[in-house]
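Structure first, then comments.
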Amino acid sequence: MSNRLLTLEQACSQVQLSSWAVRRAIADGELRAFKPRGRLRILEDDLIEWLESTLVSANSENRRAYRPRPARASHSFRQHERASNRDRMARSVARGKPQP
């Protein structure tokens, strides 16, 4: 292991994540970082340690069971609402009432 300092861009490149994701890990306290003269620096060892802490195991309790998505309605609520309004207006015209 090395104690090489990485810039934010180098760290992102090494773990193949966006700068937003790495910044969020720093803000959440998951990843240690330094800010000399206003520039973020991350120790390579800390980056590797953070990455290893996110290891997913096959028998993990965090594993979600597969749940199929619920079937979507054939049409949206708005389409239903528009159809109801059209029907209401058609009935009022058939009765001879003026349209609102």
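The values are calculated or read from the model by the stated rules, or taken from the named source; none is laboratory data. No experiment lies behind these values; they were computed from the predicted model shown. Don't worry about glycine lacking a Cβ; one is built from the backbone with ideal geometry, like all the others, and counts go over all protein chains shown.
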* **Search result, residues across region 17-26 that are more than 14 Å from Glu52 (Cα to Cα) and either in contact with an Asp or Glu (Cβ under 6 Å, 6 or more places away or on another chain) or not charged (D, E, K, R) (or both)** => Leu17, Ser18, Ser19, Trp20, Ala21, Val22, Ile26
* Asked: From the residues in region 1-44 that are free of Cβ contacts under 8 Å to residues at least 24 places away in the same chain and of a type in the set (D, E, K, R), which one is surrounded by the fewest Cβ atoms within 10 Å (Cβ to Cβ)?
  -> Arg37
* Asked: Scanning for something part of a helix (DSSP H, G or I), more than 19 Å from the chain's Cα centre (by Cα) and modelled with pLDDT under 75, does region 59-77 turn up at least one residue?
  -> yes
* Check on Ile42, of a type in the set (A, V, I, L, M, F, W, C), modelled with pLDDT of 70 or more, outside any loop (DSSP other than H, G, I, E, B) and under 19 Å from the mean Cα position of the chain (by Cα) -> no
